[in-house]
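Enquirer: After the structure tokens below, expect a handful of questions from me.
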């Protein structure tokens, strides 16, 4: 769905001005808002938007219009704009618990967890009866890397909401992120026995251990798959859970079949040609001449560190190693950079194009984006010398990172292409990762990622460090020392004992980063070779046979 026109942003600025007294009758405003709400509920966003703008032109601080405008922006995927509207509504109605709730929920969707936590807490302070907010608050603690704070919240939620459909699952997720697998498994089994979040619980239960003998859970999964009224998401999760267990048992062909069934059920599609055009555009836009013309732009801070690469390339392991250094904070996968760039006009346009050429970037815009993002990081770790954002797909933003933070370090995680792609295929990602739906498309996407990263390495030189998973596995200490040196930090032995770090981890690698380095994932793809020929063929000369 397309973005709303810029009228929203224009009239939002008016909302900060004093209330205008030339407003029409109260009944006229109320009628317009009723009509806008009706259009919104029917999915008719354009007429709803026009009515909201008309109201805000006359009553810039109309809380109902601001809330409805935020909902419209969220409906078309513009989360930063939605958050801006909801924040304005909260300013107008600071004691409205429901306004804090909708703002908190949107912040959670945008992965701005600190703000989400603050507003869920405020909503509960205003209206303690919002018991469901405890689940949301606990989930945000987990997703923000503070699962230890989530545990008492979930304990309270389970007492208040013993029959809540997801509270046990969410509690178990927090325990898993802290490596407390047995406790999590107990909660997941309880959830399954009560018929709550069965598919999701079976999926998570499959991830709590590596199976050496066939467990009863496999039979439960296959039995569940026979039910005729399953939702698509449940089918995806159940096939994936079966694939994971079968893979643990060494039944590789059966495992691949289950993973393929999971992908087929998801129905996600990906336009490789559009993505290829996006890469073409980025390569053409970011040149040595552009960088030279923007010298002195942005912020010279060395605090931000970006770990980028394909998912499942070792980004979580690399972050865990670096974050074991006392001067480094690992912030996990953040969306804040994308939002900060979006606010200054660098959103992704139709057909993969960039909406605004980076040559048009002004000094003020670069500093504005830098301030917004760095301020957010500082809120996470005020005293850290380095703060890591390990959103893998920030590899698409490496050029803008170089303009906004010319001294920032970028760590590019790489892995054997076939192993990397297979590991992606064996995991469930959301619809934004549609390239992961079939093996051929996955290989073609990898080729475009690789082409773009080759450009960034050539353009940015030693500002990017290539961290090879295979090199890390073969000589952990040497590679770790090179990493810490690249970050400009003194050596600390804690980086070699990364698996002792008790920070919570929420990515699919949460099990692996609790273990010492192991080499069993190197050339793992060979045991699936007969089943993955479409991937090998689409990777072409990148396939390291």
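Enquirer: Summing -39500 (n - 2.57) over the DSSP H runs of n ≥ 4 in the chain and dividing by its residue number, what mean residue ellipticity at 222 nm do you reach, to the nearest 500 deg cm²/dmol?
Expert: -17500 deg cm²/dmol
Enquirer: A further question follows. Taking 7 Å along the Cα-to-C-beta vector as the label spot, tell me the residue 156-residue 42 distance in nanometres, rounded to one decimal.
Expert: Here the answer is 4.3 nm between the modelled labels.
Enquirer: Hey, another quick one. Give me the base-10 log of I(q)/I(0) for the range 143-242 at each q in 0.14, 0.19 Å⁻¹, Debye formula, one uniform scatterer per Cα, rounded to two decimals.
Expert: -0.52, -0.92
Enquirer: Against the globular-protein guess of 2.2 N^0.38 Å, express the Cα radius of gyration of the range 327-443 as a ratio, rounded to two decimals.
Expert: 1.20
Enquirer: Once you have the alpha carbon radius of gyration of the range 101-157, what is it after dividing by 2.2 N^0.38 Å, with N set to its residue count?
Expert: Its radius of gyration relative to the 2.2 N^0.38 Å reference: 0.98.
Enquirer: Decide, for the range 268-376, between rounded, prolate and oblate: order the square roots of the alpha carbon gyration tensor eigenvalues as a ≥ b ≥ c, take rounded if a/c falls under 1.5, and otherwise choose prolate if a/b is larger than b/c, else oblate.
Expert: Here the range 268-376 falls in the oblate category.
Enquirer: Further question on the same structure: Provide the gained length on full extension for the span residue 251 to residue 355, in nm with one decimal, where the gain is 0.36 nm per separating residue minus the Cα-Cα distance.
Expert: Length difference between fully extended and current span is 32.7 nm.
Enquirer: Report the equivalent ellipsoid semi-axes for the range 274-542 in whole Å, largest first, defined as the square roots of five times the eigenvalues of the gyration tensor built from alpha carbon atoms.
Expert: 28, 25, 15
Enquirer: Just to be sure I understand: of the beta bridges DSSP finds with both ends in the chain, what percent are antiparallel, rounded to 5?
Expert: Roughly 5 percent of the beta bridges in the chain run antiparallel, per DSSP.
Enquirer: Still on this structure: Kindly state, to the nearest 0.05, the FRET efficiency for residue 34 paired with residue 362, given R0 = 51 Å and r defined as their beta-carbon distance.
Expert: For R0 = 51 Å, the calculated efficiency reads 0.75.
Enquirer: Once label points are set 7 Å from the Cα along Cα→Cβ at both residue 269 and residue 190, what is their separation, rounded to one decimal in nm?
Expert: Result: 4.4 nm between the two label points.
Enquirer: Quick one: if the Förster radius is 56 Å, what FRET efficiency do residue 231 and residue 327 give, using the C-beta to C-beta distance and rounding to 0.05?
Expert: With R0 = 56 Å, the Cβ-Cβ based efficiency is 0.75.
Enquirer: Expected output is a single nm value to one decimal: the length gained when fully extending between residue 121 and residue 212, i.e. 0.36 nm times separation in residues minus the C-alpha distance. What is it?
Expert: 28.4 nm
Enquirer: Hey, another quick one. Restricting things to alpha carbons, tell me how big the range 197-257 is in terms of Rg and Dmax, in Å.
Expert: When restricted to the Cα atoms of the range 197-257, Rg and Dmax are 10.8, 32 Å.
Enquirer: What is the projected area of the convex hull of the Cα atoms of the chain, averaged over all directions, in nm²?
Expert: For the Cα atoms of the chain, the hull's average projected area reads 25.9 nm².
Enquirer: Determine the percent antiparallel among the DSSP beta bridges restricted to the range 274-542, to the nearest 5.
Expert: The antiparallel fraction comes to roughly 5 percent.
Enquirer: What is the distance, in nm, between label points placed 7 Å from the Cα along the Cα-to-Cβ direction at residue 542 and at residue 222?
Expert: Taking the simple label geometry, residue 542 and residue 222 are separated by 3.6 nm.
Enquirer: Sort 292, 37 so that the residue with the fewest other Cβ atoms within 10 Å of its own Cβ comes first and the one with the most comes last.
Expert: The fewest-first ordering by Cβ neighbours comes to 292, 37.
Readers should treat all values here as calculations from the given coordinates under stated rules, not as data from a laboratory. Values in this document were obtained by computation on a predicted structure and should not be read as measured data. Glycine also receives a Cβ, built like all others from the backbone with ideal geometry; neighbour counts cover every protein chain displayed.
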